[in-house]
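K.L.:
What follows is a structure written as structure tokens; I'll ask about it next.
The values are calculated or read from the model by the stated rules, or taken from the named source; none is laboratory data. Note that the coordinates shown come from a computational prediction; the quantities given were computed from them, not determined experimentally. Here the Cβ positions follow ideal geometry from the backbone for every residue, glycine too, while neighbour counts run over all protein chains shown.
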């Protein structure tokens, strides 16, 4: 009987340890996810604020402002299979346009009637210069059979693509929805707070249990052999 009782106690102890480890592991994961999202939001918000301030400063001087870099979500399949829909590309501002070569991918504001005013990311297929020495770039989507209907001028060029982040745009569009905001930001925050409350309650209950043990601790006396025994 005693062996069975000890075995059950051990099982309870092990189950509590497993629950404790699982609880800590889940809480740690949620905390990391929440922290990463918070840091990303702060970085993105700071960059947007900086770009907005810079843009207004340039507008006051009637000058065009090109940020040093930008992130652009691909919403069409014109560059597949190299760049897919919902991929995010990073484009940097190029001061020396002679460094742009045929085969490079650039981001620009289209002046073609079919996509007028839209931000486009296509590959350079040829480069020319005007009589005044300004660069012009003929572009084409990798998945398109024909070249774009208008050349890219220096004024319309945004930057050169330096890397892409696969499928990041899906997260961007998801975060833009109410459900995405709730799931990615609000729910982890609530869970972290809830876990902290549970931890506080457990510590309070443990403190009460320890106080009760001290209060009702059995008296001790020495037996005939001098050992300590409890009533």
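K.L.:
Quick one: in region 71-81, which of the residues that are modelled with pLDDT of 95 or more and in contact with a strand residue (DSSP E or B) (Cβ under 8 Å, 6 or more places away or on another chain) is nearest to residue 43 (Cα to Cα)?
P.N.:
Of everything passing the filter in region 71-81, 79 is nearest to residue 43 (Cα to Cα).
K.L.:
Which strands (runs of 3 or more DSSP E) does region 76-133 wholly contain that include 1 or more residues that are within 18 Å of residue 145 (Cα to Cα) and more than 31 Å from the chain's Cα centre (by Cα)?
P.N.:
Working: elements: 88-92, 105-109, 119-129.
Qualifying strands (runs of 3 or more DSSP E): 119-129.
K.L.:
Would you confirm whether any residue within region 121-139 is modelled with pLDDT of 95 or more and closer than 22 Å to residue 170 by Cα?
P.N.:
For region 121-139, residues modelled with pLDDT of 95 or more and closer than 22 Å to residue 170 by Cα: present.
K.L.:
Test each condition in (1) in contact (Cβ under 8 Å) with a residue 40 or more places away in the chain; (2) closer than 28 Å to residue 43 by Cβ for residue 95 and report the one that comes out false.
P.N.:
(1)
K.L.:
Taking the conditions exactly as written (surrounded by 15 or more Cβ atoms within 10 Å (Cβ to Cβ), at negative phi and at pLDDT 90 or above), does residue 104 satisfy them or not?
P.N.:
Numbers: surrounded by 15 or more Cβ atoms within 10 Å (Cβ to Cβ): yes; at negative phi: yes; at pLDDT 90 or above: yes.
For residue 104, the condition - surrounded by 15 or more Cβ atoms within 10 Å (Cβ to Cβ), at negative phi and at pLDDT 90 or above - is met.
K.L.:
Can you confirm whether residue 83 is out of contact with any helix residue (DSSP H, G or I) (no Cβ under 7 Å at 6 or more places or on another chain), in the same structural domain as residue 169 (by TED's automatic domain parsing) and crowded, with 19+ Cβ neighbours inside 10 Å? Talk me through it step by step, then tell me what you get.
P.N.:
Numbers: out of contact with any helix residue (DSSP H, G or I) (no Cβ under 7 Å at 6 or more places or on another chain): yes; in the same structural domain as residue 169 (by TED's automatic domain parsing): yes; crowded, with 19+ Cβ neighbours inside 10 Å: yes.
Taking the combined requirement at face value, the residue satisfies it.
K.L.:
For region 135-194, give me the residue count where each residue is outside any helix (DSSP H, G or I) and either surrounded by 17 or more Cβ atoms within 10 Å (Cβ to Cβ) or in contact (Cβ under 8 Å) with a residue 12 or more places away in the chain (or both).
P.N.:
So in region 135-194, the residues outside any helix (DSSP H, G or I) come out as 135-167, 176-177.
Subsequent filtering for residues that are either surrounded by 17 or more Cβ atoms within 10 Å (Cβ to Cβ) or in contact (Cβ under 8 Å) with a residue 12 or more places away in the chain (or both) retains 135-144, 147-167.
Residues that pass the stated criteria total 31.
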